[in-house]
Amino acid sequence: MLNMTPKEIVASLDRYIIGQDDGKRAVAIALRNRYRRAQLSDALRQEVEPKNILMVGPTGVGKTEIARRLAKLVDAPFIKVEATKFTEVGYVGRDVESIIRDLLEAAIRMVKQEHMQGVQGAARVNAEDRLVDAIVNPQKRTANPIDILLGNKPREPQLEPAEQDRVNRNREEMRQKLREGKLEGHIVEIEVEETMPGSEIPGTDIKIQDMMGTILPPKKKKRKVKISEARRIFEQEEASNLIDMDAVYQEAIERAEQHGIVFIDEIDKIAGRSQGGNGPDVSREGVQRDILPIVEGSTVNTKYGPVKTDFILFIAAGAFHVAKVTDLIPELQGRFPVRVALKPLNRDDFRRILTQPDNAVIKQYSALLEVDNIRIHFEDSALDAIADMAFAVNENQENIGARRLGSILEKLLEDISFNASGDHPMTDVNIDAQYVLDHMRDVTDQRDMSKHII
């Protein structure tokens, strides 16, 4: 686990998220406490539970981004779920234990990728052998259906010594050309496993393919691909064959239990607001009570083994415009002891969001259009005008936070994006405040703005 101080964690989050210092401090402390807990004795470590966080703030101010960037910072398994997708047991919908199953799947993908990188050298050698076989001795014989059912590979006919020597020389010649990159564009026919979309049993997270297990061997199909693509496919398959999946599952369970982060969004939508027990609110309290054991700490059975949720960090978030935090059941409120109020974005925040983050929207649009030989330059006056417009629209229409900038820029650059084709020399386009006003004139009228900017 990455050993970072809270100040270093906040500094890393500042590269992507503008403002919301209280939220950053809260998650930084929670993450550092994980490192501190790991240094304790085994007996005491089992007593220290994570302090779950509840973020309260309007949409588009960075709640999800804070949690996602935090997980990336330490390579922790991360899953985002929306509370509104779950329903009380007995109603149609997903059951809350699928949160942990999804988290474990994310951990397995992460750990498997790490293990595959560790055997990349051996996988590359094996993939090269398979490529040579596919080029020199392509399989033309159709396998017997019984052999396919039993998983037996068809036997190749024995060659005469002279013919075998010729094949060996041919193989070495092809191997040398492969290493020199002379065959990358050539087409070769290979066999790959046919992947079918997983069909779930209605009302459960159990896939029909998983129930079948290994009764039937994986179905294969032939594909004609370039050598470069065949090499990538073979390296992936060989790396998967070289790793110990049992070890991957065990490590993934451990990582999900000790370092997993679950972000529950829209939690305010399951807070009871009606006085009666009928209508759409009938299952809201039931969903809260179903979520409660997961957050408190329980054991969830998965097809890879049981997963304990005691030390998973849960971060919940909601706007709480209509409902209040106190509308949640007291038991659930108690499991989120750290409360953070995120502030609505002001005009200065919008101005900074445009250029400061590593993934700033201005940088994204500039890079996209430069692909088609358009180099955009935004003057400070243009950035000020865009920030003013975003703030004004959010004040007069629905407040969707920083997402408003994407809508405005999309409208502002619509003509440039449509006409850019890349078949012309590099062209510089200067955007100033007047350009913004001219191209957004039809949406500056607050009465009609909602027709153009979502």
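The values are calculated or read from the model by the stated rules, or taken from the named source; none is laboratory data. Owing to the predicted nature of the structure, the values given are computational and were not obtained by experimental measurement. Cβ sites come from the backbone with ideal geometry, for glycine too, and all protein chains shown count toward neighbours.
Structure notes:
- Residue match in the stretch 447-454 (condition: under 31 Å from the mean Cα position of the chain (by Cα), at pLDDT 90 or above and within 24 Å of residue 346 (Cβ to Cβ)): no
- Residues of the stretch 288-316 satisfying the condition of being crowded, with 22+ Cβ neighbours inside 10 Å, within 25 Å of the chain's Cα centre (by Cα) and part of a helix (DSSP H, G or I): 291, 295
- Scan of the stretch 421-446 for residues that are at pLDDT 85 or above and not in a helix (DSSP H, G or I), ordered by number: 425, 426, 427, 428, 429, 430, 431, 432
- Any hit, the stretch 132-148, residues being within 38 Å of the chain's Cα centre (by Cα), surrounded by 12 or more Cβ atoms within 10 Å (Cβ to Cβ), in the same structural domain as residue 230 (by TED's automatic domain parsing) and modelled with pLDDT under 70: yes
- Residue match in the stretch 368-389 (condition: within 25 Å of residue 433 (Cβ to Cβ) and within 24 Å of the chain's Cα centre (by Cα)): yes
- Restricting attention to the stretch 392-407, the residues that are outside any loop (DSSP other than H, G, I, E, B) and either among the basic types (Lys, Arg) or under 21 Å from residue 64 (Cβ atoms) (or both) total 6.
- Test: residue in the stretch 102-110 that is surrounded by 14 or more Cβ atoms within 10 Å (Cβ to Cβ), among the acidic types (Asp, Glu), assigned to a helix (DSSP H, G or I) and modelled with pLDDT of 90 or more: yes
- Lone qualifier among 74, 56, 119 - being within 17 Å of residue 340 (Cα to Cα) and buried (at least 16 other Cβ atoms within 10 Å of the Cβ): 56
- Contacts under 8 angstrom Cβ, first residue in the stretch 364-378 being among the aliphatic types (A, V, I, L, M), partner surrounded by 12 or more Cβ atoms within 10 Å (Cβ to Cβ) and part of a strand (DSSP E or B), 6 or more apart: 369/375; 369/376; 374/427; 374/429; 376/429; 376/431
- Count of residues meeting criterion [surrounded by fewer than 16 Cβ atoms within 10 Å (Cβ to Cβ), out of contact with any strand residue (DSSP E or B) (no Cβ under 9 Å at 6 or more places or on another chain) and touching a residue at least 40 places away in the same chain (Cβ under 8 Å)] in the stretch 8-23: 1
- Residue that is nearest to residue 17 (Cα to Cα), among those in the stretch 50-80 that are assigned to a loop (DSSP other than H, G, I, E, B) and hydrophobic (A, V, I, L, M, F, W, C): 61
- Test: residue 410 is assigned to a helix (DSSP H, G or I), surrounded by fewer than 16 Cβ atoms within 10 Å (Cβ to Cβ) and out of contact with any Pro (no Cβ under 6 Å at 6 or more places or on another chain): yes
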